[in-house]
């Protein structure tokens, strides 16, 4: 009983701010302007299938980039001594203290055609690069903003790895590579999975990055939803339908990601 | 587990403390609310950068109103007419005074979202020039009081653009010479379509789907040349040479005249004239205070200070006379009869036309490339291979177990 009482603030919170809005989205998605039941919104969502695909592929790219950069970082940090670890983790988490929009504005000035990077290249006698207003810049923005969410979970799993297992493997004559691929990597998969989901979900639904770093020329699905609610079109019904489909899509992706968790996957395949 | 009973008391204590805090806040909130009616507050919803807010040497209009009347002003801003409309339709917040442009005033009147005003309570509105009375968007002059007006012009970087301002027309925004250095209106499809329609020589108020499709094709043709679709970054980007050309509301020139490279041209052909007008929402709780506010804004002294700060054109002759002649006599800033004779005003369009325009506008801005499809296919393929491999591993393991 006591546990329930302690839990009640969160339950109230989640009912008001999570369950109610999601059910509203669900209701709106199946209504037309006059409030009648209709499937036309869901049908119209497929008009934007291209946007869904490009958002998905951009966020997958960003997630992979985060993983490729983040895993070695987390691994190396976990191998240093505890004092340095604390410092390094604080440094990694520091950008999170700054506002997301502020950081992105800063990147706009850095990546511009006459920005810091291009000026530097120019002084070095190199050719200027076209960085801003490309999809690459959008992916970069995602990686920059979300990489912390990749490093932290992987790091916390890595430091919890039982040192004795590694020592045992060393005793049995396994070399560094073998230890990494047979012990450290498989044991850190839960961390990778939570990192991947924590990067993937916000990047697939991000809505301001493409306008700020992509110049608004290639809208992502988050922008399309934003426009339905607050932009030029006032069509919350279609916006809800798109959000609903996006949620389903994210669930699907999460399911796929979870398959990489060996222990779970084995159970699921065995269930067939 | 040993300290379970201790934990229990601790948890109970926490819950109690939390509950007490919550009740306390609730009670305080209630009391605050009860005390509220002593001070009436009105919600004002305006364009961004559209009032003198005390950031320059001119007076802070809202603060001055609060000081003189004791009515509190909750001031917030929006980016374009359409987001104002979305906000009002979703009726999340009640606004008292809003300042939409011409066609949006008409649309809001049509949807019964505006309240008729009592002009006898707003004596200062008599200073508004006759030519702004009974406009096409509010033919009976019952719902709106003109606040500012202006036309759409082309902003350019003097060192990057070789054409002289006199010879510029909308097609310069399609000139491949300036590839990657042209910017376009972002949020309002009306503004973006307006430019494409004016370039094609079609009416900006067309309801013919074919015309709109032609305009959309024109914008698709322009897209590869475009640096970005933006709203408020126009001057900054042009001023530093990041971009060369962009259409924008001419009035903003004064605000940004700090940059010497920034030029302004009024296109040779047709252009768009707009009027931003103050209206009172139909669901306003304080219509009288809202009228008081509008009356205050129309006061010559206040309006002069305000216009000096925002830079838009004033609909009051008396205010114009008090401005710096360099501004009030400047043809691009205060368009003369000749320019006005070739400028058109947006009218309210039927819902179907707006919907079509929005669809076409979104399509223009969506990248449809096949590379993302390929990428997803490859990933799915890889995943299937992985699934197959792990399944075969498990089957092998099982076989091993059975033998």
Q) Assuming R0 = 45 Å, what is the FRET efficiency of residue A:121 and residue A:249, from their Cβ-Cβ distance, to the nearest 0.05? A) 0.70
Q: State the percent of C-alpha pairs, over all pairs in the protein assembly as shown, separated by a distance greater than 50 angstrom.
A: 25 percent
Q: Find how much the distance from residue B:134 to residue B:260 grows on full extension, using 0.36 nm per residue of separation minus their present alpha carbon separation; answer in nm with one decimal.
A: 41.4 nm
Q) residue B:24 to residue A:22: FRET efficiency via 1/(1 + (r/R0)^6), r the Cβ-Cβ distance, R0 35 Å, to the nearest 0.05? A) 0.70
Q. What is the ratio of the Cα radius of gyration of the stretch A:20-271 to 2.2 N^0.38 Å, where N is its residue count, to two decimals?
A. 1.22
**Q.** Radius of gyration and Dmax over the Cα atoms of the stretch B:329-385, both given in Å
**A.** 23.8, 73
Q | Fraction of antiparallel bridges per DSSP, the stretch B:150-273 only, in percent to nearest 5 | A | 65 percent
Q) Relative contact order, percent, of chain B when contacts are C-alpha pairs under 8 Å separated by at least 6 residues? A) 24 percent
Q | Over chain B: helical MRE at 222 nm, DSSP H runs n ≥ 4 each giving -39500 (n - 2.57), nearest 500 | A | -14000 deg cm²/dmol
**Q.** Kirkwood hydrodynamic radius of chain B, from inverse mean 1/r over distinct Cα pairs, in Å
**A.** 24.8 Å
Q. On the first, second and third principal axes, largest extent first, how far apart are the outermost C-alpha atoms of the stretch B:8-115 in Å?
A. 65, 35, 26
Q | Prolate/oblate/rounded call for the stretch A:126-272, Cα gyration tensor, a/c under 1.5 rounded | A | oblate
**Q.** Residue order, fewest to most beta carbons within 10 Å, for B:179, B:308, B:373
**A.** B:179, B:373, B:308
**Q.** Sites residue B:217 and residue B:373 - FRET efficiency at Förster radius 22 Å, r taken between beta-carbons, to 0.05
**A.** 0.40
Q) By counting other Cβ atoms within 10 Å of each Cβ, how are B:174, B:47, A:13 ranked from fewest to most? A) A:13, B:174, B:47
Q: Distance between Cα centroids, the stretch A:41-95 to the stretch B:326-371: provide it in whole Å.
A: 40 Å
(Q) Could you give the length gained by full extension between residue B:203 and residue B:164, i.e. 0.36 nm per residue of separation minus their alpha carbon distance, to one decimal place? (A) 11.4 nm
Q.
I need B:262, B:200, A:58 ordered by Cβ neighbour count within 10 Å, fewest first.
A. B:200, B:262, A:58
Q. In the protein assembly as shown, what percentage of the DSSP-assigned beta bridges are antiparallel, given to the nearest 5?
A. 60 percent
Q) Between the stretch B:111-180 and the stretch A:169-230, what is the C-alpha centre distance in whole Å? A) 47 Å
**Q.** Binned Cα-Cα distance frequencies in the stretch B:150-273 - 5 Å width, integer %
**A.** 2, 12, 23, 26, 21, 11, 4, 1, 0
Q) How big is D, in µm² s⁻¹, for the stretch A:17-138 by Stokes-Einstein at 37 °C and 0.692 mPa s if Rh is the Kirkwood radius over C-alpha pairs? A) 169 µm²/s
Q.
Give me the one-decimal nm value for the distance between modelled label points at residue B:15 and residue B:126, 7 Å along each residue's Cα-to-Cβ direction.
A. 7.0 nm
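No lab work stands behind these numbers, since they all come straight from the coordinates. In this text, all values refer to a predicted model and were calculated from it rather than measured experimentally. Ideal geometry is used to build each Cβ from the backbone, glycine not excepted, and the neighbour counts take in all protein chains shown.
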